[in-house]
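Scroll down for the structure; my scribbles are underneath it.
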Amino acid sequence: MASDQGGANDAAAEILLALKLGGRLSAAELVLRRGLLRRDVDDVVGRLTAEALVEAGVPPDGLERYRLTAQGESRADEFVARERAVVGSLIEALLAAFDVSNAALKDLLRRWQLRPEGSALVVNDHTDARYDERLLRELGALLSRAAPWLDRIAARRPRYARYRERLAGAADRAGRGETDYVSGLSVDSVHSIWWQLHADLLAMSGRERSESDS
């Protein structure tokens, strides 16, 4: 029973962190970000709601999403402080490695969205297969270079392995022709996952996201 309770507490902490980093999230988004089963997300969110740590709201799009209450924010901050004690010694070095990869990814995303045509830049409509294939190979190489430092922090906190799995999955889907999985905002794209990873690392460092971090 103790291990079951520990697992439930771990899942609750993961969900509180996801909401701290992501704001309003649906149950499906929590499943995706934390790698939990839907029934476990529903159970934990129900308990957090009963404890007044989480509240539900229905925005104009009609999809129920959850957010932290003021009490939930305080509890999430306690979890962040505990996490910093575990990963803090790695964070500055990892952020330095991240910044190198981040600059390369931002450049790649610009070229994914706008491709050269003559002396002009035009919106990439993905009709030039060779152009896209070249960028996708670049993306694969970039993610391979990021793998070692992601593995270092995942050895201390398994949630970082989830980022790596999601990045690989998004890159794979993009390689199979689902071009939104590079930079789309409505799917679990490389861009979206990378942004979430950055928010996580910044939270662990205690730094605020700056304009240059976006």
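The values are calculated or read from the model by the stated rules, or taken from the named source; none is laboratory data. Computed from a predicted structure; not experimentally measured. Note: ideal-geometry Cβ built from the backbone for every residue, glycine included; neighbour counts use all protein chains shown.
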Exercise. If you scan region 123-153, which residues turn out to be crowded, with 17+ Cβ neighbours inside 10 Å and either among the hydroxyl-bearing types (Ser, Thr, Tyr) or more than 13 Å from Arg111 (Cβ to Cβ) (or both)?
Worked result: Leu143, Ala146, Trp149, Leu150, Ile153
For this session: Assess whether Ala161 counts as being of a type outside the set (D, E, K, R), out of contact with any Ser or Thr (no Cβ under 9 Å at 6 or more places or on another chain) and over 25 Å from Leu37 (Cα atoms).
Result: no
For this session: Identify the residue in region 171-191 that is under 17 Å from Arg137 (Cβ atoms) and of a type in the set (Asp, Glu) and, among all such residues, is surrounded by the most Cβ atoms within 10 Å (Cβ to Cβ).
Result: Glu178
Exercise. Say we look at region 49-64 and pick out the residues that are surrounded by 15 or more Cβ atoms within 10 Å (Cβ to Cβ) and either in contact with a helix residue (DSSP H, G or I) (Cβ under 6 Å, 6 or more places away or on another chain) or not assigned by TED's automatic domain parsing to the domain that holds Lys20 (or both); which of these is farthest from Glu29 (Cα to Cα)?
Worked result: Leu53
Problem set entry | Members of region 115-160 that are charged (D, E, K, R) and within 20 Å of Ser183 (Cα to Cα) | Arg115, Asp125, Asp128, Arg130, Asp132, Glu133, Arg134, Arg137, Glu138, Arg145
For this session: Considering only residues that are of a type in the set (Ser, Thr, Tyr) and more than 24 Å from Leu90 (Cβ to Cβ), look in region 102-161 and name the one that is modelled with the highest pLDDT.
Result: Tyr131
Seminar exercise, completed: If you go through Ala146, Ala141, the only one that is in the same structural domain as His198 (by TED's automatic domain parsing) and in contact (Cβ under 8 Å) with a residue 40 or more places away in the chain is Ala146
Problem set entry | Looking only at region 78-114, and only at residues there that are among the polar types (S, T, N, Q) and either touching a Ser or Thr at 6+ places or on another chain (Cβ under 8 Å) or in contact (Cβ under 8 Å) with a residue 40 or more places away in the chain (or both), the one that is nearest to Ser183 (Cα to Cα) | Gln113
For this session: Could you tell me which of the residues Leu32, Leu19, Leu36 is under 30 Å from Ala171 (Cβ atoms), touching a helix residue (DSSP H, G or I) at 6+ places or on another chain (Cβ under 8 Å), not in a helix (DSSP H, G or I) and not assigned by TED's automatic domain parsing to the domain that holds Ile193?
Result: Leu36
